[in-house]
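Each value in this text was obtained by applying a stated rule to the coordinates, not by laboratory testing. Bear in mind the structure is a predicted one, so any value in this text is a computation, not a measurement. All Cβ positions, even for glycine, are placed from backbone atoms using ideal geometry, and neighbour counts span all protein chains on display.
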Amino acid sequence: MGMLLEGKRALVTGASRGIGSAIALELARSGADVVVHYVSNAACAQEIADRITAMGRHAQIVQADLSDPHGCEGIIEKSGAVDILVLNASVQYRKKWEEITDDEFDTQINCNLRASLKLIQQAVPAMRLKHWGRIVTIGSVQEVKPHPDMLVYSASKAAQTLMAKSLAAQLAKDGITVNNVAPGVIYTDRNKEALADEAYARIVTDSIPVGFYGEKEDCAYIVRLLCSDEGRYITGQSYFVDGGKSL
């Protein structure tokens, strides 16, 4: 693909594993320097940073608990101004709706929605100065097909996408695009245990028109497009990377 993002600097939240790690590596492969955000696993974050450095790009790691209402304060100060912001970090609880606690509600809303707004507020001023910026939120197929045991997660993802659409209209004049990428069933460590149940896995697979799970790299490729100049005319959109599950 060449160096589509050479000279750009990206911050990817939740980049130490799963979809976030694939996005961080793909942006680096396309020429961007990357700030790797993580919550608790410093070793995994460092491994991703080392892989980015091995590509000849600059990598930095930054720790923050985005489920804490004040957890993302000062992240941009620590990492420095960025041209690209990918809001991938999220918290997901599987629980019957009647049993959801206040703490579980707050934790998911803080990480999946509140932190996204706060980080956008921190990142946009520098983007405006350059009249160039890319913001990508990572949503979920649950925005349109909510899992019955993930009520708050699906609601928070739908809210984040509506926020992205609103901001896209407001920031377009500043040369900043804002889009959402909504993964379907992507085989990562988050759902590995659930999909180990053969009966459940068969039900899930049968619900996907293409008949198989996605890989985390499937999400990274479209994020790369949206973050490049090749995606300059795309804003306010939500793309489902789900094998047709949202149909």
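Given +1 on the Cβ of Lys and Arg, -1 on the Cβ of Asp and Glu, and no further charges, what dipole in debye does segment 69-143 carry about its Cα centre, rounded to the nearest 20?
Numbers: 9 positive and 10 negative charges, 93 e Å.
That gives a dipole near 440 debye.
Between segment 82-119 and segment 209-247, what is the separation of their alpha carbon centroids in Å?
21
Could you list which residues have their amide H under 5 Å from that of LYS8, counting only those 5 or more apart in sequence or on another chain, with H placed in the peptide plane?
Excluding prolines and chain starts, which carry no amide H, the hits are ASP33.
Ranked by Cβ crowding within 10 angstrom, fewest neighbours first, how are PHE105, PHE240, PHE212 ordered? Let's see the in-between values first.
Values: PHE105 15, PHE240 21, PHE212 10.
Listed from fewest to most nearby Cβ atoms, that is PHE212, PHE105, PHE240.
Sequence-distant or interchain residues sharing an amide H contact under 5 Å with PHE240, placed H: which?
Residues meeting the amide H criterion: ALA182.
Across all directions of projection, what mean area in square nanometres is found for the Cα convex hull of segment 155-247? Intermediate values should be presented prior to the final figure.
Working: hull surface 27.3 nm².
So the Cα hull casts an average projection of 6.8 nm².
To the nearest 500 deg cm²/dmol, what mean residue ellipticity at 222 nm is calculated for the chain from DSSP H runs of n ≥ 4 alone, each contributing -39,500 (n - 2.57), summed and divided by the residues?
Numbers: 9 runs with 100 residues, N = 247.
The helix contribution divided over the chain gives -12500 deg cm²/dmol.
Taking θ as phi - 60°, what are the ³J(HN,Hα) couplings along segment 54-70 by the Karplus curve (6.51, -1.76, 1.60), each to the nearest whole Hz, with x for Gly and Pro?
Couplings: 5, 7, x, 9, 8, 10, 9, 10, 9, 9, 6, 8, 6, 7, 7, x, 10 Hz.
Excluding residues fewer than 8 places away in the same chain, name every one of the lysines whose C-alpha is closer than 22 Å to that of LYS130.
Qualifying lysines at Cα under 22 Å: LYS8, LYS78, LYS118, LYS165, LYS173.
So which lysines pass the test for LYS96, namely a Cα distance under 25 Å, with those fewer than 8 places away in the same chain ruled out?
Candidates past the 8-residue exclusion: LYS145, LYS157, LYS192, LYS245.
Report the Rg/Rh value for segment 98-150, based on alpha-carbon coordinates and the Kirkwood definition of Rh.
Working: Rg = 15.2 Å, Rh = 13.5 Å.
Using only Cα positions, Rg/Rh for segment 98-150 is 1.13.
Would you mind checking the tilt of helix 216-227 against the longest principal axis of the Cα atoms of the chain, expressed as 0 to 90 degrees and rounded to 10?
40
Can you grab the distance from the C-alpha centre of segment 177-194 to the C-alpha centre of segment 1-58, Å, no decimals?
17
Is there a quick way to get the dipole size of segment 30-122? I mean about its Cα centre, with the Cβ of Lys and Arg at +1 and of Asp and Glu at -1; what is the value in debye to the nearest 20? Before the final figure, lay out the partial values.
Values: 8 positive and 14 negative charges, 69 e Å.
Roughly 340 debye, rounded to the nearest 20.
Can you give the direction-averaged projected area of the convex hull of the alpha-carbon atoms in segment 158-207, in nm²? Mind dumping the intermediate values first?
Details: hull surface 19.3 nm².
Mean projected area for segment 158-207: 4.8 nm², to one decimal.
If N is the number of residues in segment 28-100, what value comes out of its Cα radius of gyration divided by 2.2 N^0.38 Å? Before the final figure, lay out each step's value.
Working: Rg = 14.9 Å, N = 73, 2.2 N^0.38 = 11.2 Å.
Compared with the compact-globule rule of thumb, segment 28-100 sits at 1.32.
What's the long-distance tail for segment 84-191, i.e. % of Cα pairs beyond 18 Å? The partial results should precede the final answer.
On the way: 2869 of 5778 pairs.
Beyond 18 Å sits 50 percent of the P(r) for segment 84-191.
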